[in-house]
1. Efficiency by 1/(1 + (r/R0)^6): what FRET value for residue 169 and residue 197, r their Cβ-Cβ distance, R0 = 25 Å, to the nearest 0.05?
2. Of all trypsin sites (Lys or Arg not before Pro) in the range 14-85, which ones are in loop regions per DSSP and have a Cβ with at most 14 other Cβ atoms within 10 Å?
3. Suppose R0 equals 25 Å. What FRET efficiency, 1/(1 + (r/R0)^6) with r the Cβ-Cβ distance, do residue 159 and residue 187 give to the nearest 0.05?
4. Got a sec? How would 137, 389 order by Cβ neighbour count within 10 Å, fewest to most?
5. For the range 280-291, just list the computed ³J(HN,Hα) in residue order, Karplus coefficients 6.51, -1.76 and 1.60, θ = phi - 60°, integers in Hz, with x standing in for Gly and Pro.
6. With loop defined by DSSP as not H, G, I, E or B, and exposure as at most 14 other Cβ atoms within 10 Å, which is the longest segment of the chain clear of exposed GluC sites (Glu not before Pro)?
7. Under a Cβ-only charge scheme (Lys and Arg +1, Asp and Glu -1), can you give me the dipole magnitude of the chain about the Cα centre, in debye to the nearest 20?
8. Using Cα pairs closer than 8 Å and at least 6 residues apart in sequence, work out the relative contact order for the chain, in percent.
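Any read-out appearing in this document is the output of simple, stated calculations on the displayed coordinates, not a laboratory observation. Just so you know, these numbers come straight off a predicted model, no measurement behind them. Quick reminder, even Gly has a Cβ in these numbers, built from the backbone with ideal geometry, and neighbours come from all protein chains shown.
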Amino acid sequence: MDLVIRNASLPDGRRHIDIAMLDGRIAAVGERLPLQGRREIDADGDLASPPFVDAHFHMDATLSYGLPRVNASGTLLEGISLWGELKPQLTQDALIERALQYWDWAVARGLLAIRSHVDICDDRLLAVDALLEVKRRVAPYLDLQLVAFPQDGILRSPTAFDNLKRAIAKGVDVVGGIPHFERTMAEGATSVRLLCEFAAEQGLRVDMHCDESDDPLSRHIETLAFETERLGLQGRVAGSHLTSMHSMDNYYVSKLLPLIREAGVAAIANPLINITLQGRHDTYPKRRGMTRVPELMAAGVDVAFGHDCVMDPWYSLGSADMLEVAHMGLHVAQMTGQEAMHQCFMAVTQTPAKILGLEGYGIATGCHADLVLLDAGSTVEAIRLRAARRVVVRRGVVVAESPRASAALNLPGRPGQTNFRLGR
């Protein structure tokens, strides 16, 4: 074998598991495998997970914090305004360099797949060309899926639809949209229909910024679900954000949830950004901002968490840590039961992998030999600690390593160090 991980715990609760890898694939998974590896790593009971997956990100804006100026209010609308000011100043080289730096962070965090929206409202398609080049460069060690995103509105921006078609022709993977940003509710609904029809014609997936608003009457998710079913797009469509659902009345939601499930539409919440940008017009009581994650999950809808932004016009924090995203999602949604916390871990691993359609994802014989070994014994402990990534493996090759988290102590009568793990 090229690599064997010994004595690991798995997200499904199995323990004392060996994972053997050969030629970029997982060759065997089981207890005490009678196989030798060119390199062997003792997990010592730590959690071996498939890599983290970010289902919603903006790679073209990442690490641009402070350009052309800082978002003084921290609001969504000032962020959009700032991005409009920054776009004319963008260069392809700077976009590529920032994206590659972020990918370095992502690899170190065990984040090996990202779906990134890329703004296509700039007629130059400069960001599209830059991220297609980034996709080419990082392909040996990362999966980058690009969404053609009409930031200024597919109908509101006169050249947006033509630009979106050009971006798809260049190699962008997914059709995006932003119906709540169109001039009227009716135009928003029209944009959903047009974009879904285009995706169906092209055989593409759809991922729309949908109802990223505190307005309970912003109900484009209903139209998205309807068009998905009408056009036979089930399993290929996601609604991102869906924050207006936090303000909708329960009777309407009781109708909406089955509609979303029946249409096979996935939901992508962005806990760090939704809790930050939504509810800005509220005094008190103040709305949480995030969509109804536990209710969607209970209805049978696939729900993933995205990071959305890192150090850009909308958000000045972040470090490519999907466990931080899961940690925020868990708290905002009050998902503190044991199974609910495990679901939050799945929302940054298995579920987004399904939404993105990643082939060969998982820890099972025949899957790609991609995994992250975490300084934690379980999925819940991994979220609690935002666990150190001891080892990150891509196609059977170790691409990043970090030491366990510990602190040296000098306390009378106490141990010389602590590692923050209960009973260890």
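1. Working: r = 17 Å, r/R0 = 0.68.
For R0 = 25 Å, the calculated efficiency reads 0.90.
2. Details: sites: 14, 15, 25, 32, 38, 39, 69; in loops: 14, 15, 32, 38, 69.
Qualifying residues, ordered by number: 14, 15, 32, 38, 69.
3. Values: r = 16 Å, r/R0 = 0.65.
Computed FRET efficiency for residue 159 and residue 187 comes out at 0.95.
4. Final ranking by Cβ density, sparse to dense: 137, 389.
5. 6, 8, 7, 9, 9, x, 10, 6, 6, x, 7, 5
6. 32-358
7. Roughly 940 debye for the chain.
8. It comes to 19 percent, rounded to a whole number.
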